[in-house]
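So the structure is just underneath, and the comments pick up after that.
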Amino acid sequence: MWRQMIPALRMTLWLTLLTGLLYPALVTALSQGLFPVQANGSLLTQDGRVIGSTLLGQNFTRPGYFHPRPSAAGSDGYDASSSGGSNFGPTSQKLLDRIQAAKSAEGLQTNIPADMLTASGSGLDPHISPANAQLQVPRVARARNIPEPELAELVNRHTEARTLGFLGEPRVNVLLLNLAVDHRWPARP
């Protein structure tokens, strides 16, 4: 029996060392060396403190900021430890109520982009559609007392194209756009 157990134990220890320690250490070292920003979560810092990640949505609620997609992640939304969609179906009364509340908040009734009313699959999508961002321009411009055409142009400059020219849809990163708005037109306290 031990003649069979000893090789099995050696193989288990060897594979544990290889796949549990050496391989993860190599991948970590390569990613830190080749892609340090991405390997550390694409974090943005300001004055030495982390203010967000370009990969995770955040909740902006003040009228002078562009708002992200609704989030179903966690009880208050935007909780990365509770990532997940709402799982509401098209006939769900809760979904219909949330959509109506979002329409009323923006003062809109027709031609509303879906991403303005529904959560993403993870509930943490950092992007909105360009149409969603453009619909928010009047509110943000009014709250900051700035010209709408200039703000609309800033949205256009922050619109990312399709990945590789054909994957996905054009999108706007809400955090980066709000930081650009703050830089150009500082928010009043």
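Name every residue in the range 46-99 that is buried (at least 17 other Cβ atoms within 10 Å of the Cβ) and at positive phi, in order of residue number.
If the condition is that a residue be buried (at least 17 other Cβ atoms within 10 Å of the Cβ) and at positive phi, then 52, 77, 78 are the ones that fit.
May I ask you to say which residue of 70, 90 is at pLDDT below 85 and under 13 Å from the mean Cα position of the chain (by Cα)? Break it down into steps so the answer makes sense when it comes.
Numbers: 90 fails: under 13 Å from the mean Cα position of the chain (by Cα).
Just one listed residue meets the conditions, 70.
Can you find, within the range 114-135, the residue that is nearest to residue 95 (Cα to Cα) among those that are surrounded by 21 or more Cβ atoms within 10 Å (Cβ to Cβ) and in contact with a strand residue (DSSP E or B) (Cβ under 8 Å, 6 or more places away or on another chain)?
Going through the qualifying residues, I end up with 116.
Examine the range 91-113 for a residue that is in contact with a Gly (Cβ under 6 Å, 6 or more places away or on another chain) and of a type in the set (A, V, I, L, M), and state whether such a residue exists. Steps first, please.
First pass over the range 91-113, keeping only residues in contact with a Gly (Cβ under 6 Å, 6 or more places away or on another chain): none.
Among the residues of the range 91-113, not one is in contact with a Gly (Cβ under 6 Å, 6 or more places away or on another chain) and of a type in the set (A, V, I, L, M), which makes the answer no.
What are the residues in the range 30-67 that are modelled with pLDDT of 90 or more, part of a loop (DSSP other than H, G, I, E, B) and farther than 21 Å from residue 115 by Cα, if any?
35, the sole residue that qualifies.
Tell me which residues, restricted to the range 124-166, are outside any helix (DSSP H, G or I), without any contact (Cβ under 8 Å) to a residue 24 or more places away in the chain and in contact with an Asp or Glu (Cβ under 7 Å, 6 or more places away or on another chain).
Passing the criteria: only 162.
The values are calculated or read from the model by the stated rules, or taken from the named source; none is laboratory data. On a predicted model such as this, the values are computed, not experimentally measured, just so you know. Every residue, glycine as well, gets a Cβ built from its backbone with ideal geometry; the counts of neighbours run over all protein chains shown.
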